[in-house]
Amino acid sequence: MIYMVPAQRVYFLLISGIAIAPLLSLILGVPASIGLSILFDAVILGLMALDSGQVRGHRVQINRELPLRFSIGRDNPVVLRITSGQREAVIKIRDFHPPGFNVSTLELEAVVPPNSTQELTYTVYPTQRGEFPWGNLQVRQLGFWGLAWNDWQISQSLAVKVYPDLIGLRSLSIRLALQSSGSVRKARQLGTGTEFAELRNYRMGDDLRFIDWKATARRTYGNIGPLVRVLEPEQEQTLLILLDRGRLMTAKVRGLQRFDWGLNATLALALAGIHRGDRVGVGVFDSQIHTWIPPERGQQHLNQIIERLTPIQPVLLESDYLGAVTYLVQQQTRRALVVILTDLVDVTASTELLASLCQLAPRYLPFCVTLRDPQVDLLGNTFTEDVTNTYARAVALDLLAQRQVAFAQLKQKGVLVLDAPANQIADQLVERYLQLKARNQL
């Protein structure tokens, strides 16, 4: 291991020795020689070693602070807290993050004043879920004379876990809480839903049908105006999510596998459902049911869903939609909103998916959610005169047209449909679910 690295100033002095040696010979009155140049360079190298050695007694202390859980497809902050000694510290740090993580910077630099603490922050962007080894910290600290870097490692190796998009879940949870508290006005629309929420003063534009005349008449103070009833969507319904992990979900979209986008959307929808008081169940399937989590309520149930779904990876198997739907019907006999997250290529290849979803209606409310590749949209909507790109555009347009035919057939059978870019699917799915709840469609 290298403990001493020459600074740029040393190379300049060593090269300068070629010119300085003749000057020294004139001053000392001795003939110029190669030996004098070597002696000068030896003195410089000795001072360099001494400069590096004195750093050892004044090395900085560095503590790394990592998130408890890393979120896939997000910039996760990593904080390095640096504490200096009695001298100013000029340092360079390289953190040995897990291979495959994209980082905002490979090397960090800082000048830390004496007896002080400074924080350096950079971000890592994981593209895979799972457990990964995180290595040590490689540190270089410049000597007091600026001749050498003292190089050493700080042992902080550990294993870290990458989860689905928990950062997005936290943001969604805050947004849902604001909506429930009335901070976001569109969270409660008068006349939507079936459950009574509260009485409030009449506002311009409110539906007159929802004025509570009895409550208004009971008022004993002032002529403030009528009271209106605020209704909320019915709660304690059942939401079942089927997540496909078959062959079509292994393709990468915007750096992540389509399954990871679907998993993020599944957790976001589960959070929204639990927050709205619904019983939420989740199934993951390929050629058979891989994981089944029966519907329950509460935050503890959401934590269980996260922990059980996080290790699951997609596989190169054809998905058995009919088998997944049959299993769900056996587990859930009462009416429920059934959301299937998958993808489809064309009508022919997705015949089984179409047949399975159509079997759910009208006893259940089936909802087909497909994760589109935005690159296909870009190819289809970009005009080109290049022959190769023209063929690619023709294929893209054909794929988009066949998707629309498949969706039209689903809608005719009473199946709800959402087709959105994979990187936008979570937000659009949650918004659609909230609309269904507000309209009491379930």
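The values are calculated or read from the model by the stated rules, or taken from the named source; none is laboratory data. Nothing here was measured: the structure is a model prediction, and the numbers come from that model. No Cβ is skipped: glycine too gets one built from the backbone with ideal geometry, and neighbour counts run over all protein chains shown.
For this structure, a couple of remarks:
- Some residue of region 79-99 being over 30 Å from Leu45 (Cα atoms), in the same structural domain as Tyr3 (by TED's automatic domain parsing), surrounded by fewer than 13 Cβ atoms within 10 Å (Cβ to Cβ) and at pLDDT below 95: yes
- Of all residues in region 255-286 being assigned to a strand (DSSP E or B) and of a type in the set (A, V, I, L, M, F, W, C), the one that is farthest from Gln428 (Cα to Cα): Phe285
- Considering residues of region 1-52 that are polar (S, T, N, Q) and either within 17 Å of Asn150 (Cβ to Cβ) or surrounded by fewer than 14 Cβ atoms within 10 Å (Cβ to Cβ) (or both) only, the residue modelled with the highest pLDDT: Ser52
- Those residues of region 129-155 which are part of a loop (DSSP other than H, G, I, E, B), in contact with a Phe, Trp or Tyr (Cβ under 8 Å, 6 or more places away or on another chain) and farther than 18 Å from Ala110 by Cα, in sequence order: Arg129, Gly135, Asn136
- Within region 406-433, considering residues that are hydrophobic (A, V, I, L, M, F, W, C) and either touching a residue at least 60 places away in the same chain (Cβ under 8 Å) or not assigned by TED's automatic domain parsing to the domain that holds Val345 (or both), the one surrounded by the fewest Cβ atoms within 10 Å (Cβ to Cβ): Val430
- Qualifying residue in region 119-128 (condition: in a strand (DSSP E or B), touching a Phe, Trp or Tyr at 6+ places or on another chain (Cβ under 9 Å) and at pLDDT 95 or above): yes
- Restricting region 105-153 to residues that are β-branched (Val, Ile, Thr) and over 30 Å from Leu13 (Cβ atoms), the residue that is farthest from the chain's Cα centre (by Cα): Thr117
- Checked against the criterion of being buried (at least 19 other Cβ atoms within 10 Å of the Cβ), at negative phi and modelled with pLDDT under 85, the candidates Leu371, Leu379, Leu400 yield just one match: Leu379.
- Breaking point among (1) modelled with pLDDT of 95 or more; (2) of a type outside the set (Ser, Thr, Tyr); (3) in a loop (DSSP other than H, G, I, E, B), for Leu106: (1)
- Residues of region 392-421 satisfying the condition of being over 30 Å from the mean Cα position of the chain (by Cα), more than 14 Å from Val376 (Cβ to Cβ) and part of a helix (DSSP H, G or I): Val405, Ala406, Ala408, Gln409, Leu410, Lys411, Gln412
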